[in-house]
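*Asks:* Following this message is one structure expressed as structure tokens.
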Amino acid sequence: MREYLLQLLESGGELSIQSIVLRLAASAVVAAFIFLSYGISHVGSIYSRKFNVSLAALTMITTTVMIVIGNNIALSLGMVGALSIVRFRTAIKDSRDTIYIFWAIVVGICCGSGDYIIAGIGSAFVFVILLVFGRIRNDNRLLLILRCARTDEQKIEGLIFQYFNRKAMLRSKNTTPESVEFIYELPSKYLYQAEKEGKESITSIVYKTGSVEYFNIVVQSDDISG
């Protein structure tokens with residue numbers, strides 16, 4: 001039994017040059033597919049060409065690792081142990097980037113083990129899903145932060161709710177004996193809608209009260225950033 005286990009651990013399959021080239025070529029084709037998909041779904045300032053190139057390289061590297069491991073159990077265990085000490089601390093700007101990382105790794109595993117059909121069909125389905133839903137953008141929320149005298153507290157509250165047709169949601173209200181600070185949450189479309197309707201800007205209206213110390217508009221996004 002011991003000899004059988006030892007033989008099993010030391011066994012390894014040898015691949016021909018043609019087989020290795022075929023697996024790497026298939027991986028390169030799907031990596032280009034991933035590169036194209038990332039470029040289409042990430043349009044604008046969130047697109048990172050360096051990260052996109054890294055995805056393609058990650059696909060090829062994973063394929064190479066799978067070719068090296070083959071069916072050698074001892075080598076695979078050693079490889080897992082070596083890779084387990086690596087710590088990745090790159091900040092993910094968009095939650096979809098995680099999907100692309102897993103996609104690149106899975107394709108590399110499939111191509112490295114010779115499962116081209118699974119890599120191709122799976123990538124086709126993922127590409128269609130990301131193509132359809134990848135352009136969806138979150139409706140960024142705005143935080144309206146202002147500080148005024150407490151004597152105009154009710155006046156400011158009424159002004160904000162009236163301007164945005166009661167769509168502004170009060171998130172925080174901090175007071176001192178002399179002043180009060182409001183934090184309102186508002187979907188950005190309502191601010192743009194008010195501007196399209198030809199209304200005077202909310203900033204001008206607020207400062208006309210004469211008791212406002214500051215008025216800030218901050219965009220709150222759901223994107224993950226470091």
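The values are calculated or read from the model by the stated rules, or taken from the named source; none is laboratory data. Every value quoted in this text rests on a predicted model; they were computed, and no experiment measured them. Cβ: placed from backbone, ideal geometry, glycine included. Neighbour counts: every protein chain shown.
*Asks:* How about segment 107-131: which of its residues are farther than 18 Å from VAL68 by Cβ and among the hydroxyl-bearing types (Ser, Thr, Tyr)?
*Replies:* TYR116, SER123 - these are the residues of segment 107-131 that are farther than 18 Å from VAL68 by Cβ and among the hydroxyl-bearing types (Ser, Thr, Tyr).
*Asks:* Does ILE101 satisfy the criteria of being outside the structural domain of ILE205 (by TED's automatic domain parsing), exposed (fewer than 11 other Cβ atoms within 10 Å of the Cβ) and in a helix (DSSP H, G or I)?
*Replies:* No: the conditions fail for ILE101.
*Asks:* Out of the residues in segment 26-68 that are of a type in the set (Ser, Thr, Tyr) and farther than 14 Å from CYS110 by Cβ, state the one that is surrounded by the fewest Cβ atoms within 10 Å (Cβ to Cβ).
*Replies:* By that ranking, first place goes to SER45.
*Asks:* How about segment 209-226: which of its residues are at pLDDT 80 or above and over 15 Å from THR151 (Cα atoms)?
*Replies:* TYR214, PHE215, ASN216, ILE217, VAL218
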